[in-house]
Amino acid sequence: MPWSHHSHSGQFCGHAASKLEDIVLTAIEKRMTVLCLTEHMARHRQDFYPEEEQDHDEASLAKLYDDFYVEARRLQKSYAGQLSIFVGFEGEWIRPESLALINDLLTKYPVDVWLGSVHHVHTYPIDYDHELFYKAREVAGGTDERIFEDYFDSQLSLLQALHPPLIGHFDLIRLKSDDPECSFRTWPGVWEKALRNLKYIAEYGGVLELNSSSLRKGMTEMYPQVEICQVFRDMGGRFTLSDDSHGVAQVGLNYAKTLACVEKAGITQLVRFSSADALEKDEGHASVVGVPHMRWTPVTVEDLRRHEFWQATA
């Protein structure tokens, strides 16, 4: 039953490891039941990551996603009896031109899933390293408070423009900050903007991923923090589970700690992806914003606790 709705591989991502098929095989070995293959979308040249500068131009980076899509669909068919695989991408909101890139990809491919994520503020990556984060922070005004506010404003632009069905690592901005564990309530302006975005997501029917990658990066809670999850829960918001793995070593990593955070937040039900074609009835299965052939299937945390994944990864 444990799932991941967000993953990458070194075959198609310069800052990841492992072949895509090995990611799939590891998920099967760990008794996972749903795996979403969501490689990064292509970006404009000025937004390449450092490891992409020497190896790619815009055409080759776009082809890398094309090659990913073909391989992901092959794996989806090859392992259909062992694992429910869904194919899509992680959308990157960097500048206004990002809208056209995302829409072009949505037009080109009939994806099953896509995440709306913000990895940049003022066009600088905010989770790559401290040097680039500090550059973004300086443009924002020189403080964590200011860059946090700008991050949530950029996220709102993404939400309003595209209504992504799944929101990636909602509070990623805290990763390289001076105090990643700090409560956003410390700054009323930041907290207000975070609440504004949560309300908007809940109203249009988006889902927040509970992303375990923060735990392998030294933090004590998943993305988003427990206090954010509690607020979104009270808004009637829905959650799913992701490992944001960048290699076989990270598949399902820290899910036990993530589940403890889920229970601390008072979340009693999660959702996971299902194909509408595989369901005899839609009863209890909610539609996925912008992806008519997919559904969200509810699963109680109590049922999740009983799954054999926990024994396979103990």
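Throughout, read-outs are computed from the coordinates displayed, never taken from laboratory work. Predicted model, so just to flag it, every value in this text is computed and none were measured. Cβ: placed from backbone, ideal geometry, glycine included. Neighbour counts: every protein chain shown.
Computed quantities for the displayed model
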{"read-out": "For the range 249-263, 3J(HN,Hα) per residue [Karplus equation, 6.51 cos²θ - 1.76 cosθ + 1.60, θ = phi - 60°, Hz, x = Gly/Pro]", "value": "5, 9, 5, x, 5, 6, 5, 5, 5, 5, 5, 5, 5, 4, 5"}
{"read-out": "Residue with peak Gaussian network fluctuation, the chain [Cα springs, cutoff 10 Å], from Lys193, Lys108, Lys135", "value": "Lys108"}
{"read-out": "The chain: Cα Rg divided by the 2.2 N^0.38 Å rule of thumb", "value": "0.93"}
{"read-out": "Options Gln82, Leu259, His307, ranked by Cα towards positive dipole end of the range 3-313, top entry (Cβ charges)", "value": "His307"}
{"read-out": "Listed residues Ser287, Val190, Leu175: farthest to the positive end of the dipole of the chain (Cβ charges)", "value": "Ser287"}
{"read-out": "Listed residue (Val207, Tyr65, Leu37) projecting farthest to the positive dipole end of the chain, Cβ model", "value": "Val207"}
{"read-out": "Stretchable slack from Arg74 to Glu308, in nm (0.36 nm times residue separation minus alpha-carbon distance)", "value": "81.6 nm"}
{"read-out": "Assigned charges on the beta-carbon of Lys, Arg, Asp, Glu; the range 243-295 dipole about Cα centre (debye)", "value": "200 debye"}
{"read-out": "Per-pair calculated FRET efficiency, R0 = 25 Å: Tyr134 and Asp57 via Cβ, rounded to 0.05", "value": "0.35"}
{"read-out": "Euclidean distance of C-alpha centroids, the range 210-233 and the range 128-178, integer Å", "value": "16 Å"}
{"read-out": "Dipole in debye (nearest 20) - the chain, about Cα centre, beta carbon charges: Lys, Arg +1; Asp, Glu -1", "value": "780 debye"}
{"read-out": "Sequence of Glu97, Glu21 once ranked by neighbouring C-beta atoms within 10 Å, starting from the fewest", "value": "Glu97, Glu21"}
{"read-out": "Burial order of peptide ranges 212-219, 38-45 (average beta-carbon count within 10 Å, highest first)", "value": "38-45, 212-219"}
{"read-out": "Hz values of 3J(HN,Hα) by residue in the range 201-215 - Karplus curve (6.51, -1.76, 1.60), Gly and Pro given as x", "value": "4, 4, 5, 8, x, x, 10, 8, 7, 9, 9, 7, 5, 4, 5"}
{"read-out": "Max mean-square fluctuation residue, GNM over the chain, Cα-Cα springs under 10 Å, options Trp187, Trp296, Trp93", "value": "Trp187"}
{"read-out": "Relative exposure of Arg174, Arg185, judged by other C-beta atoms within 10 Å (fewest first)", "value": "Arg185, Arg174"}
